[in-house]
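S.K.: Take a look at this one; I'll ask things after.
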Amino acid sequence: MSSTDITKVTSHISHNEALIFERSQTGRIGYRLPPLDVDETAIDEIVPKKFQRDDDLEGLPEVSEVDVIRHFIRMSTWNYSIDLGMYPLGSCTMKYNSRLNEKVARIPGFANLHPLADEKEAQGALQVIYELQHHLAEITGLPGVSLQPAA
């Protein structure tokens, strides 16, 4: 495959990122491995011939590491993410979850708590649920609040 076989599908005023192949410059190298600190071994001794490539990877772009990082970061901004927007979808699908919520949900006491854990083992989580209900009711002025999902 050569870079002439690759074309953009569409262009867009805010998505005008060049293809990585268009950034290619002959001789540009993204990364160099450090010198070996062990004896070199022939590839045939490690990888069976049937699994070895028989071409020289012709057509791959020659780009710097910085070019690759910048290219894919710019492309990543084309997708919705919790950093760039929210998902205003239904109650049983994805929603906006702030990074803080994700961080709290990964606290080992919550993330590793089994749904069928004994009440004794779940007291910390149950206390958080109880206090959250109490605080939400107090803030909103409602007589009570349920944390049960709507769907």
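S.K.: Convert each backbone phi in the stretch 44-53 into a coupling constant with the Karplus relation 6.51 cos²θ - 1.76 cosθ + 1.60 (shift: θ = phi - 60°), then list the ³J(HN,Hα) values in order as whole Hz, x for Gly and Pro.
M.R.: Here the 3J(HN,Hα) series is 4, 7, 10, 10, x, 3, 5, 9, 8, 5 Hz.
S.K.: Taking R0 as 30 Å, what's the FRET efficiency between LEU100 and LEU147 from their Cβ-Cβ distance, rounded to 0.05?
M.R.: Working: r = 17 Å, r/R0 = 0.58.
It comes to 0.95.
S.K.: If you count, for each residue, the other Cβ atoms within 10 Å and average over each peptide, how do 61-73, 19-31 line up from highest to lowest? Don't skip to the answer; put the middle values down first.
M.R.: Working: 61-73: 14.2, 19-31: 12.0.
Descending mean neighbour count gives 61-73, 19-31.
Quick note: the coordinates plus some simple rules give every number you see, no bench work behind them. Keep in mind that this is a model prediction, so the values were computed, not measured. All Cβ positions, even for glycine, are placed from backbone atoms using ideal geometry, and neighbour counts span all protein chains on display.
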